[in-house]
Amino acid sequence: MVNNPYILAIESSCDDTSAAVLHGRRVLSNVIASQSIHNLYGGVVPELASRAHQINIVPVVDFALKKSGIPIHKLHAIAFTRGPGLQGSLLVGASLAKSLAQALGLPLIGVNHLHGHLLAHMVSEDVGGSAADVFPQLCLLVSGGHTQLVMVHDYLNYEVLGRTIDDAAGEAFDKCAKVMGLDYPGGPVVDRLASKGNENAFSFGLPKIEGLNYSFSGLKTSFLYTLRDLSKNDAAFVQNNLNDLCASLQKAIIDVLMSKLKRAIRETGVRTIAVSGGVAANSQLRSGLTTLAAKQDLKLFLPELAFTTDNAAMIGMVAYYHYLTRKFNAFDVITDARLDIGDF
Ligand code: KG4
Ligand code: ZN
(Lines give C-alpha, C1' and ligand atoms only; values in the text may rest on other atoms or scores of the structure.)
(Ligands and ions follow the chains in the order given, each with its own letter.)
Protein backbone atom coordinates (compact mmCIF):
# COMPACT_ATOMS: atom_id res chain seq x y z
CA MET A 1 0.00 0.00 0.00
CA VAL A 2 1.22 3.48 -0.87
CA ASN A 3 -0.19 6.92 0.01
CA ASN A 4 -0.32 8.17 -3.55
CA PRO A 5 -1.33 5.22 -5.73
CA TYR A 6 -1.41 5.19 -9.52
CA ILE A 7 -4.96 4.08 -10.34
CA LEU A 8 -6.36 3.21 -13.75
CA ALA A 9 -10.14 3.86 -13.79
CA ILE A 10 -12.61 2.69 -16.42
CA GLU A 11 -16.13 4.11 -16.92
CA SER A 12 -18.63 2.49 -19.30
CA SER A 13 -22.01 2.79 -17.58
CA CYS A 14 -23.96 4.37 -20.44
CA ASP A 15 -22.81 5.73 -23.80
CA ASP A 16 -19.38 7.18 -23.04
CA THR A 17 -16.30 4.95 -22.99
CA SER A 18 -13.76 6.56 -20.70
CA ALA A 19 -10.46 5.73 -19.01
CA ALA A 20 -8.33 7.82 -16.67
CA VAL A 21 -5.07 7.48 -14.79
CA LEU A 22 -4.75 9.24 -11.42
CA HIS A 23 -1.78 9.75 -9.14
CA GLY A 24 -3.43 10.07 -5.76
CA ARG A 25 -6.12 12.68 -6.44
CA ARG A 26 -4.27 14.19 -9.37
CA VAL A 27 -5.65 13.35 -12.83
CA LEU A 28 -2.82 12.47 -15.23
CA SER A 29 -5.12 11.60 -18.14
CA ASN A 30 -8.87 11.39 -18.81
CA VAL A 31 -9.88 10.05 -22.22
CA ILE A 32 -13.52 9.95 -23.35
CA ALA A 33 -14.95 8.38 -26.52
CA SER A 34 -18.56 9.43 -27.02
CA GLN A 35 -20.95 7.41 -29.16
CA SER A 36 -22.66 9.52 -31.81
CA ILE A 37 -24.58 6.50 -33.19
CA HIS A 38 -27.39 7.16 -30.66
CA ASN A 39 -28.14 10.59 -32.15
CA LEU A 40 -29.81 8.78 -35.04
CA TYR A 41 -32.33 7.19 -32.67
CA GLY A 42 -33.03 10.14 -30.36
CA GLY A 43 -31.79 8.27 -27.29
CA VAL A 44 -29.32 5.63 -26.11
CA VAL A 45 -29.88 2.18 -27.66
CA PRO A 46 -28.46 -0.26 -25.07
CA GLU A 47 -27.33 -2.98 -27.50
CA LEU A 48 -25.54 -0.45 -29.73
CA ALA A 49 -23.93 1.16 -26.67
CA SER A 50 -22.55 -2.18 -25.54
CA ARG A 51 -21.13 -2.96 -28.98
CA ALA A 52 -19.53 0.48 -29.30
CA HIS A 53 -17.91 0.05 -25.86
CA GLN A 54 -16.42 -3.25 -27.05
CA ILE A 55 -14.87 -1.48 -30.03
CA ASN A 56 -13.66 1.57 -28.07
CA ILE A 57 -12.54 0.22 -24.72
CA VAL A 58 -9.07 -1.13 -25.50
CA PRO A 59 -7.92 1.89 -27.55
CA VAL A 60 -9.34 4.28 -24.92
CA VAL A 61 -7.52 2.54 -22.04
CA ASP A 62 -4.35 2.31 -24.11
CA PHE A 63 -4.54 6.03 -24.96
CA ALA A 64 -5.20 7.00 -21.31
CA LEU A 65 -2.12 5.06 -20.19
CA LYS A 66 0.05 6.58 -22.95
CA LYS A 67 -1.17 10.12 -22.18
CA SER A 68 -0.45 9.68 -18.47
CA GLY A 69 3.11 8.59 -19.16
CA ILE A 70 2.73 5.82 -16.57
CA PRO A 71 3.81 2.33 -17.69
CA ILE A 72 1.22 -0.33 -16.92
CA HIS A 73 3.48 -2.16 -14.43
CA LYS A 74 3.58 0.97 -12.23
CA LEU A 75 -0.18 0.89 -11.52
CA HIS A 76 -1.32 0.11 -7.97
CA ALA A 77 -5.02 -0.64 -8.60
CA ILE A 78 -7.65 -1.00 -11.32
CA ALA A 79 -11.06 0.66 -10.85
CA PHE A 80 -14.26 0.35 -12.83
CA THR A 81 -17.88 1.47 -12.66
CA ARG A 82 -19.94 -1.31 -11.05
CA GLY A 83 -23.32 0.39 -11.52
CA PRO A 84 -25.90 1.80 -11.90
CA GLY A 85 -26.18 1.94 -15.67
CA LEU A 86 -26.89 -0.27 -18.66
CA GLN A 87 -25.99 -3.88 -17.91
CA GLY A 88 -24.46 -4.57 -21.34
CA SER A 89 -22.35 -1.41 -21.10
CA LEU A 90 -21.20 -1.99 -17.51
CA LEU A 91 -20.09 -5.53 -18.36
CA VAL A 92 -17.60 -4.32 -20.97
CA GLY A 93 -15.70 -2.07 -18.55
CA ALA A 94 -15.93 -4.59 -15.71
CA SER A 95 -14.56 -7.43 -17.86
CA LEU A 96 -11.52 -5.47 -18.96
CA ALA A 97 -10.88 -4.16 -15.42
CA LYS A 98 -11.06 -7.68 -13.99
CA SER A 99 -8.78 -9.10 -16.67
CA LEU A 100 -6.19 -6.37 -16.14
CA ALA A 101 -6.30 -6.64 -12.34
CA GLN A 102 -5.95 -10.41 -12.51
CA ALA A 103 -3.16 -10.36 -15.08
CA LEU A 104 -1.21 -7.66 -13.22
CA GLY A 105 -1.94 -9.00 -9.73
CA LEU A 106 -3.52 -5.71 -8.62
CA PRO A 107 -6.43 -4.88 -6.31
CA LEU A 108 -9.78 -4.39 -8.06
CA ILE A 109 -12.07 -1.52 -7.05
CA GLY A 110 -15.73 -1.43 -8.13
CA VAL A 111 -17.13 2.11 -7.91
CA ASN A 112 -20.73 3.32 -7.69
CA HIS A 113 -21.22 5.66 -10.66
CA LEU A 114 -23.29 8.07 -8.54
CA HIS A 115 -20.47 8.43 -6.02
CA GLY A 116 -18.31 9.45 -8.96
CA HIS A 117 -20.72 12.26 -9.86
CA LEU A 118 -20.86 13.36 -6.22
CA LEU A 119 -17.09 13.90 -6.11
CA ALA A 120 -16.67 15.11 -9.72
CA HIS A 121 -16.39 18.78 -8.76
CA MET A 122 -13.46 17.95 -6.51
CA VAL A 123 -11.43 16.29 -9.24
CA SER A 124 -10.00 19.56 -10.43
CA GLU A 125 -10.59 21.83 -7.43
CA ASP A 126 -7.71 22.43 -5.10
CA VAL A 127 -9.62 21.34 -2.01
CA GLY A 128 -6.65 21.56 0.28
CA GLY A 129 -7.16 21.70 4.03
CA SER A 130 -9.05 19.27 6.17
CA ALA A 131 -12.29 17.50 5.30
CA ALA A 132 -13.94 19.85 7.82
CA ASP A 133 -13.37 22.67 5.30
CA VAL A 134 -15.50 21.03 2.59
CA PHE A 135 -17.92 18.77 4.47
CA PRO A 136 -20.78 18.54 5.07
CA GLN A 137 -21.76 19.67 1.60
CA LEU A 138 -25.14 19.51 -0.07
CA CYS A 139 -24.83 18.18 -3.60
CA LEU A 140 -27.51 18.51 -6.26
CA LEU A 141 -26.90 15.49 -8.49
CA VAL A 142 -28.65 16.08 -11.81
CA SER A 143 -28.03 13.83 -14.78
CA GLY A 144 -29.92 12.04 -17.52
CA GLY A 145 -30.85 9.20 -15.18
CA HIS A 146 -30.80 10.80 -11.72
CA THR A 147 -32.00 13.81 -9.77
CA GLN A 148 -31.13 13.72 -6.09
CA LEU A 149 -30.29 16.03 -3.23
CA VAL A 150 -27.49 14.38 -1.29
CA MET A 151 -25.77 15.46 1.91
CA VAL A 152 -22.14 14.45 1.48
CA HIS A 153 -20.75 14.03 5.01
CA ASP A 154 -17.37 12.76 3.87
CA TYR A 155 -15.72 11.34 0.74
CA LEU A 156 -17.50 8.00 1.20
CA ASN A 157 -20.42 8.97 3.44
CA TYR A 158 -23.61 10.05 1.67
CA GLU A 159 -27.17 10.73 2.86
CA VAL A 160 -30.02 11.15 0.35
CA LEU A 161 -32.40 13.96 1.38
CA GLY A 162 -34.63 13.89 -1.70
CA ARG A 163 -34.91 12.33 -5.12
CA THR A 164 -37.15 12.37 -8.16
CA ILE A 165 -40.22 10.20 -7.92
CA ASP A 166 -40.41 9.85 -11.73
CA ASP A 167 -38.25 11.38 -14.50
CA ALA A 168 -34.78 12.86 -14.01
CA ALA A 169 -34.15 16.53 -14.89
CA GLY A 170 -31.87 15.58 -17.81
CA GLU A 171 -34.55 13.21 -19.07
CA ALA A 172 -37.07 16.10 -18.99
CA PHE A 173 -34.68 18.22 -21.08
CA ASP A 174 -34.08 15.35 -23.52
CA LYS A 175 -37.71 14.27 -23.92
CA CYS A 176 -39.06 17.81 -24.39
CA ALA A 177 -36.26 18.53 -26.87
CA LYS A 178 -37.24 15.42 -28.81
CA VAL A 179 -40.85 16.64 -29.03
CA MET A 180 -39.49 19.87 -30.57
CA GLY A 181 -37.53 17.81 -33.11
CA LEU A 182 -34.13 18.69 -31.61
CA ASP A 183 -31.09 16.40 -31.59
CA TYR A 184 -30.18 14.01 -28.76
CA PRO A 185 -29.03 14.77 -26.12
CA GLY A 186 -31.42 17.69 -25.95
CA GLY A 187 -30.10 19.39 -22.79
CA PRO A 188 -27.17 21.22 -24.40
CA VAL A 189 -29.26 22.19 -27.46
CA VAL A 190 -32.05 23.65 -25.29
CA ASP A 191 -29.42 25.50 -23.25
CA ARG A 192 -27.94 27.08 -26.41
CA LEU A 193 -31.29 28.07 -27.97
CA ALA A 194 -32.67 29.31 -24.63
CA SER A 195 -30.03 32.04 -24.51
CA LYS A 196 -31.77 33.66 -27.52
CA GLY A 197 -35.33 33.32 -26.21
CA ASN A 198 -37.80 34.90 -23.77
CA GLU A 199 -38.10 32.73 -20.66
CA ASN A 200 -41.48 34.24 -19.76
CA ALA A 201 -43.10 33.56 -23.15
CA PHE A 202 -44.80 30.33 -22.01
CA SER A 203 -45.64 28.78 -18.67
CA PHE A 204 -46.06 25.11 -17.83
CA GLY A 205 -47.66 23.23 -14.95
CA LEU A 206 -45.13 22.99 -12.12
CA PRO A 207 -44.97 20.02 -9.72
CA LYS A 208 -46.35 20.25 -6.19
CA ILE A 209 -44.43 17.55 -4.39
CA GLU A 210 -44.08 17.44 -0.62
CA GLY A 211 -40.70 17.60 1.11
CA LEU A 212 -37.43 17.51 -0.77
CA ASN A 213 -38.45 15.11 -3.53
CA TYR A 214 -38.68 16.10 -7.18
CA SER A 215 -41.07 15.27 -10.03
CA PHE A 216 -40.71 16.14 -13.71
CA SER A 217 -43.28 13.98 -15.49
CA GLY A 218 -46.14 16.51 -15.00
CA LEU A 219 -44.01 19.33 -16.40
CA LYS A 220 -43.12 17.16 -19.39
CA THR A 221 -46.80 16.38 -20.05
CA SER A 222 -47.76 20.04 -19.65
CA PHE A 223 -45.06 20.98 -22.18
CA LEU A 224 -46.34 18.34 -24.60
CA TYR A 225 -49.98 19.52 -24.31
CA THR A 226 -48.98 23.18 -24.76
CA LEU A 227 -47.19 22.31 -27.99
CA ARG A 228 -50.05 20.14 -29.21
CA ASP A 229 -52.69 22.83 -28.50
CA LEU A 230 -50.74 25.73 -29.97
CA SER A 231 -49.72 23.73 -33.06
CA LYS A 232 -53.34 22.85 -33.91
CA ASN A 233 -53.91 25.93 -36.06
CA ASP A 234 -50.29 26.70 -36.79
CA ALA A 235 -48.17 23.87 -38.19
CA ALA A 236 -45.02 26.01 -37.93
CA PHE A 237 -45.66 26.99 -34.29
CA VAL A 238 -42.72 25.07 -32.82
CA GLN A 239 -40.31 26.20 -35.52
CA ASN A 240 -41.37 29.85 -35.16
CA ASN A 241 -41.16 29.85 -31.36
CA LEU A 242 -38.23 27.51 -30.78
CA ASN A 243 -36.01 29.90 -28.80
CA ASP A 244 -38.88 31.07 -26.55
CA LEU A 245 -40.02 27.48 -25.95
CA CYS A 246 -36.48 26.43 -24.99
CA ALA A 247 -36.03 29.44 -22.70
CA SER A 248 -39.39 28.86 -20.96
CA LEU A 249 -38.76 25.13 -20.60
CA GLN A 250 -35.28 25.67 -19.20
CA LYS A 251 -36.56 28.27 -16.72
CA ALA A 252 -39.26 25.85 -15.50
CA ILE A 253 -36.82 22.96 -14.96
CA ILE A 254 -34.15 25.12 -13.29
CA ASP A 255 -36.74 26.85 -11.06
CA VAL A 256 -37.90 23.45 -9.80
CA LEU A 257 -34.31 22.32 -9.14
CA MET A 258 -33.41 25.55 -7.34
CA SER A 259 -36.51 25.75 -5.17
CA LYS A 260 -35.93 22.36 -3.51
CA LEU A 261 -32.24 23.07 -3.15
CA LYS A 262 -33.02 26.34 -1.35
CA ARG A 263 -35.46 24.54 0.90
CA ALA A 264 -32.84 21.90 1.77
CA ILE A 265 -30.31 24.65 2.60
CA ARG A 266 -32.90 26.30 4.90
CA GLU A 267 -33.83 23.07 6.62
CA THR A 268 -30.30 21.74 7.15
CA GLY A 269 -28.38 24.99 7.67
CA VAL A 270 -25.59 23.64 5.42
CA ARG A 271 -23.00 26.23 4.29
CA THR A 272 -21.38 24.39 1.38
CA ILE A 273 -23.19 23.38 -1.81
CA ALA A 274 -22.23 21.60 -5.02
CA VAL A 275 -23.78 20.44 -8.26
CA SER A 276 -22.89 17.44 -10.40
CA GLY A 277 -24.02 15.28 -13.33
CA GLY A 278 -24.64 16.21 -16.96
CA VAL A 279 -27.20 18.93 -16.19
CA ALA A 280 -24.55 20.67 -14.06
CA ALA A 281 -23.27 21.97 -17.42
CA ASN A 282 -26.45 24.04 -17.82
CA SER A 283 -25.61 27.73 -17.99
CA GLN A 284 -28.77 28.93 -16.21
CA LEU A 285 -28.29 26.44 -13.37
CA ARG A 286 -24.66 27.47 -12.97
CA SER A 287 -25.47 31.18 -12.89
CA GLY A 288 -28.44 30.59 -10.55
CA LEU A 289 -26.19 28.71 -8.13
CA THR A 290 -23.48 31.35 -8.33
CA THR A 291 -26.00 34.10 -7.50
CA LEU A 292 -27.49 32.06 -4.66
CA ALA A 293 -24.06 31.35 -3.16
CA ALA A 294 -23.12 35.03 -3.32
CA LYS A 295 -26.44 36.14 -1.75
CA GLN A 296 -26.35 33.62 1.09
CA ASP A 297 -22.57 33.62 1.52
CA LEU A 298 -22.32 29.89 0.76
CA LYS A 299 -19.27 28.01 -0.46
CA LEU A 300 -20.06 26.66 -3.93
CA PHE A 301 -18.35 23.88 -5.88
CA LEU A 302 -19.02 23.92 -9.63
CA PRO A 303 -17.45 21.08 -11.62
CA GLU A 304 -15.39 21.85 -14.69
CA LEU A 305 -17.51 21.21 -17.78
CA ALA A 306 -15.38 18.18 -18.74
CA PHE A 307 -16.30 16.53 -15.44
CA THR A 308 -20.06 17.15 -15.55
CA THR A 309 -20.92 14.36 -18.00
CA ASP A 310 -19.71 10.79 -17.58
CA ASN A 311 -15.94 10.44 -17.24
CA ALA A 312 -13.45 8.02 -15.69
CA ALA A 313 -11.56 10.69 -13.70
CA MET A 314 -14.46 10.95 -11.22
CA ILE A 315 -14.50 7.13 -10.88
CA GLY A 316 -10.76 7.20 -10.18
CA MET A 317 -11.32 9.89 -7.55
CA VAL A 318 -13.75 7.69 -5.61
CA ALA A 319 -11.48 4.67 -6.15
CA TYR A 320 -8.64 6.62 -4.51
CA TYR A 321 -10.66 6.85 -1.28
CA HIS A 322 -11.61 3.15 -1.53
CA TYR A 323 -7.90 2.41 -1.88
CA LEU A 324 -7.00 4.44 1.22
CA THR A 325 -9.59 2.51 3.25
CA ARG A 326 -8.73 -0.81 1.53
CA LYS A 327 -12.21 -1.25 0.10
CA PHE A 328 -11.30 -3.78 -2.59
CA ASN A 329 -13.52 -6.22 -4.49
CA ALA A 330 -13.08 -9.92 -5.19
CA PHE A 331 -12.71 -10.90 -8.84
CA ASP A 332 -16.20 -12.42 -8.85
CA VAL A 333 -17.83 -9.05 -8.02
CA ILE A 334 -20.83 -8.49 -10.29
CA THR A 335 -22.02 -5.36 -12.05
CA ASP A 336 -25.40 -4.07 -10.91
CA ALA A 337 -27.53 -2.00 -13.31
CA ARG A 338 -29.72 -0.88 -10.40
CA LEU A 339 -27.07 -0.12 -7.80
CA ASP A 340 -28.50 2.36 -5.29
CA ILE A 341 -26.65 5.46 -4.13
CA GLY A 342 -26.33 3.87 -0.67
CA ASP A 343 -24.57 0.77 -2.08
CA PHE A 344 -20.81 0.32 -2.31
O1 KG4 B 1 -24.24 12.58 -16.35
P2 KG4 B 1 -24.62 12.31 -17.76
O3 KG4 B 1 -23.54 12.41 -18.82
O4 KG4 B 1 -25.22 10.89 -17.94
C5 KG4 B 1 -25.99 10.24 -16.97
O6 KG4 B 1 -25.39 9.62 -16.06
O7 KG4 B 1 -27.22 10.37 -17.10
O8 KG4 B 1 -25.82 13.31 -18.10
C9 KG4 B 1 -26.40 13.40 -19.36
C10 KG4 B 1 -27.56 14.39 -19.30
C11 KG4 B 1 -28.43 14.41 -20.56
O12 KG4 B 1 -29.78 14.31 -20.17
C13 KG4 B 1 -28.13 15.78 -21.16
O14 KG4 B 1 -29.20 16.33 -21.92
C15 KG4 B 1 -27.85 16.60 -19.93
O16 KG4 B 1 -27.08 15.73 -19.11
N17 KG4 B 1 -27.09 17.83 -20.24
C18 KG4 B 1 -27.61 19.08 -20.12
C19 KG4 B 1 -26.61 19.98 -20.54
N20 KG4 B 1 -25.51 19.26 -20.90
C21 KG4 B 1 -25.82 17.93 -20.71
N22 KG4 B 1 -28.82 19.49 -19.69
C23 KG4 B 1 -29.06 20.82 -19.68
N24 KG4 B 1 -28.16 21.74 -20.08
C25 KG4 B 1 -26.93 21.38 -20.51
N26 KG4 B 1 -26.04 22.31 -20.91
ZN1 ZN C 1 -23.64 9.76 -15.16
Q: Provide the packing ranking of 106-116, 70-80, i.e. peptides ordered by the mean count of other C-beta atoms within 10 Å per residue, highest first.
A: 106-116, 70-80
**Q.** For the chain, radius of gyration divided by Kirkwood radius, i.e. Rg to Rh on alpha-carbons
**A.** 0.99
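Expressed as a fraction of 2.2 N^0.38 Å, the rule-of-thumb size for a compact globular protein of N residues, what is the C-alpha radius of gyration of the stretch 263-344?
My calculation over the Cα atoms of the stretch 263-344 gives 1.40.
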Q | Helix 46-68 axis, angle to the chain major axis (alpha carbon atoms, nearest 10°) | A | 50
Q. Helix 283-296 versus the longest principal axis of the chain: what angle, 0 to 90°, nearest 10, using Cα atoms?
A. 90
Q) Roughly to the nearest percent, how much of the accessible area of the stretch 1-41 is carbon and sulfur, given a 1.4 Å probe? A) 46
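Ignoring everything except DSSP H segments at least 4 long, calculate the 222 nm mean residue ellipticity for the chain; use -39,500 (n - 2.57) per segment, divide by total residues, nearest 500.
Computed ellipticity for the chain at 222 nm equals -13500 deg cm²/dmol.
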Q: Just the number, please: carbon plus sulfur as a percent of the accessible area of the stretch 264-340, 1.4 Å probe, no ligands or DNA/RNA counted.
A: 52
Q: Treat every Asp and Glu Cβ in the chain as -1 and every Lys and Arg Cβ as +1, leave all other atoms uncharged, and give the resulting dipole magnitude about the Cα centre to the nearest 20 debye.
A: 340
Q | Karplus (6.51, -1.76, 1.60) ³J(HN,Hα), θ = phi - 60°, over the stretch 154-166, in Hz, Gly and Pro reported as x | A | 7, 3, 10, 9, 10, 10, 7, 9, x, 8, 6, 8, 9
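Show me the ranking of peptides 252-259, 5-12 by mean Cβ neighbours inside 10 Å, starting with the highest.
Values: 252-259: 20.4, 5-12: 28.4.
Taking the mean over residues of other Cβ atoms within 10 Å, the ranking is 5-12, 252-259.
Which peptide among 192-199, 319-326, 134-141 comes first, and what is the full order, when sorted by highest mean count of other Cβ atoms within 10 Å?
Taking the mean over residues of other Cβ atoms within 10 Å, the ranking is 134-141, 319-326, 192-199.
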Q. Residues with amide H under 5 Å of THR81's amide H, sequence separation 5 or more or different chain, H placed in the peptide plane at 1.01 Å from N; which?
A. ILE10, SER12, VAL111
Q | the stretch 1-57-the stretch 274-344 distance, computed between alpha-carbon centres (Å) | A | 15
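Return one whole number: the accessible area per residue of the chain in Å², for a 1.4 Å probe.
Working: 14600 Å² over 344 residues.
For the chain, the solvent-accessible area averages 42 Å² per residue.
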Q.
Between 0 and 90 degrees, rounded to the nearest ten: what's the tilt of helix 217-231 against the longest Cα principal axis of the chain?
A. 40
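The values are calculated or read from the model by the stated rules, or taken from the named source; none is laboratory data. Computed from a prediction, not measured in an experiment: that's the story for all the values here. No Cβ is skipped: glycine too gets one built from the backbone with ideal geometry, and neighbour counts run over all protein chains shown. Remember, those area values only see protein heavy atoms, side chains included, never the ligands or the DNA or RNA. Shrake-Rupley method; radii C 1.70, N 1.55, O 1.52, S 1.80 Å.
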